[in-house]
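Heads up: the structure comes next, in structure tokens.
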Amino acid sequence: MADEESTAYHQRPYTPPPGAAELLLIRHGASEAADPNRPFPLVDGQGDPALAREGREQADLLADRLGKERVDAIYVTTLRRTVQTAAPLASRLGLDPVVEPDLREVHLGEWEGGLFRVRVAADDPVARRLFTEERWDVIPGAEPMRSFETRVKDALDRIAAAHPDQRVAVVTHGGVIAQAVATATGSRTFAFLAPDNCSISRLVVLNGLWSIRGYNDIAHLPHSAPEPLT
């Protein structure tokens with residue numbers, strides 16, 4: 001009797017499961033420097049700096065990268081640094097960005113308008129406490145942690161539900177991306193804080209289940225060679 005043909009099970013590249021949405025979480029490009037004597041203008045109580053020159057260059061490089069891939073929709077926030085970052089990509093793809101207010105940056109209370117950067121640079125005791133406790137709301141008047149976590153999760157779940165089997169570019173903020181990745185992985189709150197400007201992190205969402213497929217991809221950006229591991 002001839003040997004029965006064996007069945008082979010090969011490893012295959014990952015593809016999102018049917019019905020899932022792939023969200024490309026993109027941090028906005030580098031924004032203008034904070035000046036203690038000239039606070040950023042506020043939008044709904046939050047600092048609203050424009051992109052700096054290097055941020056605009058980063059946005060163009062992002063468009064070069066993602067303009068060659070399938071992107072079905074683009075989302076931005078109410079703050080102009082995300083709108084300006086998305087603009088070259090939107091133009092390249094012929095898409096009109098959708099504004100999602102709930103993906104705006106965490107509200108920094110009394111440290112809005114650029115003061116957060118000043119206090120961190122000065123090693124303010126409250127800033128040290130913020131990073132030790134991993135809580136934005138140690139800043140006077142800042143957004144409660146639970147509120148921030150809930151609005152980020154709800155907004156991303158809404159976007160995913162609206163785009164099954166699609167890839168969506170979500171241009172948002174560093175604190176939002178850090179919170180999203182922490183939620184997906186169950187990590188410490190600040191474990192993924194400060195993704196690079198114009199970096200891409202990949203989140204796959206299906207029926208409320210989140211999977212991280214990449215974090216802080218900056219292959220499209222100029223950067224120095226990595227430090228040696230030894």
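Any read-out appearing in this document is the output of simple, stated calculations on the displayed coordinates, not a laboratory observation. Computed from a predicted model, the values in this text were never measured in an experiment. Don't worry about glycine lacking a Cβ; one is built from the backbone with ideal geometry, like all the others, and counts go over all protein chains shown.
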Study note, to complete from the structure: Restricted to the chain, the DSSP antiparallel beta bridge percent, nearest 5, is 60
Practice item. Using label points projected 7 Å from each Cα along Cα→Cβ, tell me how many nm separate Phe131 and Asp154, to one decimal. Key: 3.2
Point to revise | 3J(HN,Hα) from dihedral phi, the range 164-170, Karplus parametrisation 6.51/-1.76/1.60, rounded to Hz, x for glycine, proline | key: x, 6, 10, 10, 10, 8, 10
Study note, to complete from the structure: Listed by chain and number, the residues whose amide H is under 5 Å from that of His107, excluding neighbours fewer than 5 places away on the same chain and using placed H, are Glu143
Study note, to complete from the structure: Residues whose modelled amide H sits under 5 Å from the amide H of Ser199, counting only those 5 or more places away in sequence or on another chain, are Arg27
Study note, to complete from the structure: Along the range 48-54, Karplus-curve 3J(HN,Hα) (6.51, -1.76, 1.60; θ = phi - 60°) to the nearest Hz, with x for Gly and Pro, reads 10, x, 7, 5, 6, 4, 5
Review point. What FRET efficiency do you get for Arg38 and Arg12 if R0 is 41 Å and r is their Cβ-Cβ distance, rounded to the nearest 0.05?
Key: 0.15
Review point. Which label marks the calculated value of semi-axes √(5λ) of the Cα gyration tensor in Å, given the options [x] 34, 21, 18; [y] 32, 21, 17; [z] 30, 24, 16?
Key: [x]
Check your understanding: Using mean Cβ contacts within 10 Å as the protection proxy, how do 141-149, 86-94 order, highest first?
Key -> 86-94, 141-149
Practice item. Multiply the residue gap between Arg202 and Ala122 by 0.36 nm, knock off their C-alpha separation, and tell me the result in nm, one decimal place. Key: 25.4 nm
Study note, to complete from the structure: Surrounding charge for Arg81, neighbours by C-beta under 11 angstrom, Lys/Arg +1, Asp/Glu -1, total +1
Check your understanding: With θ set to phi - 60° and the Karplus curve 6.51 cos²θ - 1.76 cosθ + 1.60, what are the ³J(HN,Hα) couplings of the range 73-86 in order, to the nearest whole Hz, using x for Gly and Pro?
Key -> 7, 10, 10, 9, 10, 6, 9, 5, 5, 6, 4, 5, 5, 6
Review point. Using modelled backbone amide H atoms (1.01 Å from N, in-plane), which distant-in-sequence or interchain residues come within less than 5 Å of Ala50's amide H?
Key: Glu32
Check your understanding: Where the centroid of each part is defined by its Cα atoms, how far is the range 155-214 from the range 21-69 in Å?
Key -> 17
